[in-house]
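The values are calculated or read from the model by the stated rules, or taken from the named source; none is laboratory data. Computed from a predicted model, the values in this text were never measured in an experiment. Here Cβ is always computed from backbone atoms with ideal geometry, including for glycine, and neighbour counts include all displayed protein chains. Heads up: the accessible areas ignore ligands, DNA and RNA and are worked out on the full protein's heavy atoms, side chains in. Shrake-Rupley method; radii C 1.70, N 1.55, O 1.52, S 1.80 Å.
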Amino acid sequence: MFEETLEQKTKDGKPFLEILKERGVIPGIKVDKGVVQIAGTNGETATTGIDGLGERCKKYYAMGCRFAKWRAVLKIGEGMPSDMAITENAHNLARYASICQENGLCPIVEPEVLVDGTHTIEVCARACERVFAAVMNALLKQDVLLEGILIKPNMILPGSECKETKTPQEIAWYTVRTLSRTFVGAIPGIVFLSGGQSEEGATQYLNAINQLTELAHPWKLSFSYGRALQASCLDAWQGKEENVKKAQEAFFLRAKGNSEATLGKYAGGTGSTESLHVKSYVY
């Protein structure tokens, strides 16, 4: 949830948090404050929000939240991601994780290397290895309890403007290889972001990742999708009361498909193939 939604209520006056708790849903909160440009870089950014984070986490825990997320955004391009951007973002992710744990929240650590660009999948893999390794090192330096976090990375993909295409099996191999080179097995789970992939693509790739047997993957490999989980639901709903059931059915279909993909048992074909990519995506 966003901070602004924590205290919002239904039209009947019931707080959203109460409804979630009644239905067995564990609430979580996005705690970063967005990105600012790092001076001396080619438009690279660092995520803000460390100041006052401890007090905010205390408040969120008291309200009923039990996990949090913080998104760091890095780019691939000429000279990017730079060492400066990697170091700054890795440090902030680790500080955030440590502060969350001090205040009872499970941190979701999200290092996102954007898919924007013409780069190949090999270039993406090399860039992500540098970023993920730096994040892992920072988490260790900050003495973060590794067994008490989740990592939310991007999958390893060709750039959004790259002319080459890769099969789900190739994407799975590059993704798991990159993760196995960077994140230790003490971390219990890796939950992928969808990063503007189509609904079907995000589910197919997750399915192939969980079918992969030739590379070790000691973590639970699951999903933490936004657009690839919600797009069909929002399309069906359109903000109209009469469309609620239709929207719920659309959301259930995507949730079911992705749940099957975490077991490597997704049969395919239930999601839209329309790209959800937005260049330099922010939220």
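Data for the structure
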read-out	value
Residues (open to solvent by 60 Å² or more (accessible area, probe 1.4 Å) and among the polar types (S, T, N, Q)) located in segment 150-166	T165
Among residues of segment 175-190, those that are surrounded by fewer than 21 Cβ atoms within 10 Å (Cβ to Cβ), in a helix (DSSP H, G or I) and not charged (D, E, K, R), counted	1
Search result, residues across segment 61-91 that are touching a residue at least 12 places away in the same chain (Cβ under 8 Å) and in a helix (DSSP H, G or I)	Y61, M63, M84, A85, I86, T87, E88, N89, A90, H91
Residue identified as surrounded by fewer than 21 Cβ atoms within 10 Å (Cβ to Cβ) and either closer than 21 Å to K166 by Cα or among the hydrophobic types (A, V, I, L, M, F, W, C) (or both) among L206, L215, L193	L215
Positions within segment 220-252 being of a type in the set (D, E, K, R) and within 22 Å of G28 (Cβ to Cβ), in sequence order	K220, R227
Residue count for segment 1-13, restricted to those that are out of contact with any helix residue (DSSP H, G or I) (no Cβ under 9 Å at 6 or more places or on another chain) and either surrounded by 11 or more Cβ atoms within 10 Å (Cβ to Cβ) or on the phi > 0 side of the Ramachandran plot (or both)	1
Residue in segment 130-145 that is open to solvent by 50 Å² or more (accessible area, probe 1.4 Å), under 22 Å from G28 (Cα atoms) and of a type in the set (A, V, I, L, M, F, W, C) present	yes
Test: residue in segment 77-92 that is loosely packed, with under 12 Cβ neighbours inside 10 Å, farther than 22 Å from G226 by Cα, at pLDDT 95 or above and of a type in the set (D, E)	yes
Test: residue in segment 151-164 that is of a type in the set (A, V, I, L, M, F, W, C), under 23 Å from H217 (Cα atoms) and outside any loop (DSSP other than H, G, I, E, B)	yes
Candidate set: segment 57-76, residues that are closer than 20 Å to F183 by Cβ and among the hydrophobic types (A, V, I, L, M, F, W, C); chosen: the one most open to solvent (accessible area, probe 1.4 Å)	F67
All positions within segment 241-283 that are at pLDDT 95 or above, open to solvent by 50 Å² or more (accessible area, probe 1.4 Å) and part of a loop (DSSP other than H, G, I, E, B)	L263, K265
